[in-house]
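Colleague: There's a structure below that I have some questions on.
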Amino acid sequence: MTEPYKPEWAKRLEEWGKGMEAKYGRRSVHPSNSSPEEWNSDDSFQQTPSDKEHYTHHAHRWSKDPSPSWQRQNNPVGTIVGDIISYFIITYAPLYFPTFFLSGYSAVRIVIILSILVHISVSLVLLIIPIRPLYYLGHTIMNLAGLTSMVVMVSIFPFNVPYGLGYIVQIALWIAIAIVAIVTLFEFLNIFGSDSHYEC
């Protein structure tokens, strides 16, 4: 049986296609679409060290046990340092700016100091016992203490500022109270939930 007639351009195109197939055809096959035996038997597919590291990383990633691994979001040491700084500010600021604070500040100051003590106590516990339910419980307690001090502050408002500016500050405080209340609710719900962290 004679071979059908092909134009010269068709023969050259076919030869070019065979050459490209022989040169690049097997290399274009992704390892996920072929078996390991085919990788080893094919000399045209050679993995560089970077390729091997890439495929090993992804194989480890997907074969990894998907058990949840919780990680705390805030460092208790940073919270303690911030609370100590806040204590010095609310304690010594009236000495340097006596005209800015009104007589009701003494009551507000006591509530704020109690809130700071709660924050430091909880942070010390979380520093020693880093457990997920305890972490969210501690943050719920700290947020409730902060909410209490904010509500007392906005109710008494012991700052000597112009009426218009004071009104704006009070509105801002109420907005902050609403935001902290929502965050506190989510912190409380996280006590009973699960917080999964997967390494990528």
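Colleague: Does anything in region 98-124 have its amide N under 16 Å from the 7 Å Cα→Cβ label point of TYR87, and if so which residues?
Modeller: Within reach of a label on TYR87, which here means backbone N under 16 Å from a point 7 Å along Cα→Cβ, region 98-124 contributes 109-124.
Colleague: Can you list residues from other chains, or at least 5 along the same chain, whose modelled amide H is less than 5 Å from the amide H of PHE159?
Modeller: LEU102
Colleague: What is region 76-190 by shape, rounded, prolate or oblate, if you read a ≥ b ≥ c off the alpha carbon gyration tensor as root eigenvalues and call it rounded for a/c under 1.5, prolate for a/b larger than b/c, and oblate otherwise?
Modeller: In terms of gyration-tensor shape, oblate.
Colleague: Next question. Listed highest first by mean packing, meaning other Cβ atoms within 10 Å per residue, what order do 160-173, 101-114, 71-84 come in?
Modeller: On the way: 160-173: 11.9, 101-114: 15.7, 71-84: 13.8.
Result, highest mean Cβ count within 10 Å first: 101-114, 71-84, 160-173.
The numbers here are math on the coordinates, done by the rules we state, and not lab data. All values reported here derive from a predicted model rather than from experimental measurement. Ideal geometry is used to build each Cβ from the backbone, glycine not excepted, and the neighbour counts take in all protein chains shown.
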